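Notes to accompany the following structure.
The values are calculated or read from the model by the stated rules, or taken from the named source; none is laboratory data. Here the structure is a predicted model, which means the values were calculated and not measured. Because the Cβ atoms are built from the backbone with ideal geometry, glycine has one as well, and the counts that use them run over all protein chains shown. In case anyone asks, the SASA skips ligands and DNA or RNA and just uses the protein heavy atoms, side chains included. Shrake-Rupley method; radii C 1.70, N 1.55, O 1.52, S 1.80 Å.
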Amino acid sequence: MFRARTLAAEAAGAGDETGWFERLYSEAEAGSAVVPWADGEVNPHLVEWAAGKDGMGKRALVVGCGLGYDAQYLAGLSYAVTGFDVAPTAIERTIRENPGTTVEYLAADLLDLPAAWAGAFDLVVEIYTVQPLYGPVRERALAALHGPVAPGGTLLVIARATNDENPERDPAQMPWPLTRRELDLAGGPLRTVRVEQFMDSGTQPRLRWRAEFRRD
Ligand SMILES: C[S@@+](CC[C@H](N)C(=O)[O-])C[C@H]1O[C@@H](n2cnc3c(N)ncnc32)[C@H](O)[C@@H]1O
């Protein structure tokens, strides 16, 4: 986490709050940094949520897909998956590490989504993309999440949680957990189907949200 935190802290309030991701992935390619979330694991809270689901004939969009673990998992459930990330180096590495993948990976910015994606996906999955964003881009990112959800479609948000509605955000302590108000901002006009809050099991237990919203 060390290098990622340093880059995030330098970026916080400096006017380019998403540029540090590309820098981190590039440094990792050069062998001089570690991407702390590059653990090779599909998110267990996504796996639990998706149990028994069949994505045949459905389109899924994975926001901030990083190295593609969750996108690959959804493709395995037969969804037609698009995964995007603001960092081109993450996308290049993901394509390289998944030869023959059916997932369409591309570099794109949640803050400036392609117009063609509006209302186009049966499932939009956001996992840990907003929590490392600091400052005004954070609200813009949250507000952009529901746009790609098709009528009848679902937005799934999995994130670190806080019950403090006005948390102090130390720039040196990325990631910054989401408040309930921020979660509601993500859902926007969608109907809230379920909001769960729980502690992760694991060596470093964390308070999490898993929230599901639907466009009726
Ligand atoms: C903490 S990582 C999580 C990656 C992945 N979702 C996971 O759970 O393993 C956050 C990811 O979001 C990407 N990201 C940050 N801001 C973004 C934006 N505005 N648009 C698209 N991707 C973004 C970063 O490049 C990074 O890959």
Task: Helix-derived mean residue ellipticity, 222 nm - over the chain, DSSP H n ≥ 4, -39500 (n - 2.57), to 500 - done: -8000 deg cm²/dmol
Task: Dipole magnitude (debye, nearest 20) for the chain, charges at Cβ of Lys, Arg, Asp, Glu - done: 460 debye
Task: Carbon + sulfur, % of accessible area of the chain - ligands and nucleic acids excluded, 1.4 Å - done: 51 percent
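Please work out the FRET efficiency for the pair M56 and L111, using the Cβ-Cβ distance as r and a Förster radius of 30 Å; give the result to the nearest 0.05.
Step by step, r from the Cβ atoms, then E = 0.40.
How many percent of DSSP beta bridges within region 40-214 run antiparallel, rounded to 5?
If I count the DSSP bridges inside region 40-214, around 45 percent turn out antiparallel.
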Open item on the list: Heavy atoms only, 1.4 Å probe, whole protein assembly: order F21, F213 by accessible area, highest first.
Closed with: F21, F213
- [ ] Please give the peptides 152-162, 8-18 ranked by average Cβ packing (other Cβ atoms within 10 Å per residue), highest first, as a rough proxy for protection.
- [x] 152-162, 8-18
Open item on the list: Leaving out ligands and nucleic acids, and using a 1.4 Å probe, what accessible area per residue does region 40-214 come to in Å²?
Closed with: 44 Å²
Task: Residues with amide H under 5 Å from that of G153, placed H, sequence gap 5 or more - done: R215
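For D39 and T6 in the same chain, what is the full-extension length gain: residue separation times 0.36 nm, less their Cα-Cα distance, in nm?
Going from the current span to full extension adds 9.9 nm.
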- [ ] Please work out the Cα center distance from region 135-166 to region 68-103, rounded to the nearest Å.
- [x] 21 Å
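Give me the percent of DSSP beta bridges within region 128-216 that run antiparallel, rounded to the nearest 5. Intermediate values should be presented prior to the final figure.
Working: 15 of 16 bridges.
Looking only at bridges with both residues in region 128-216, the antiparallel portion is about 95 percent.
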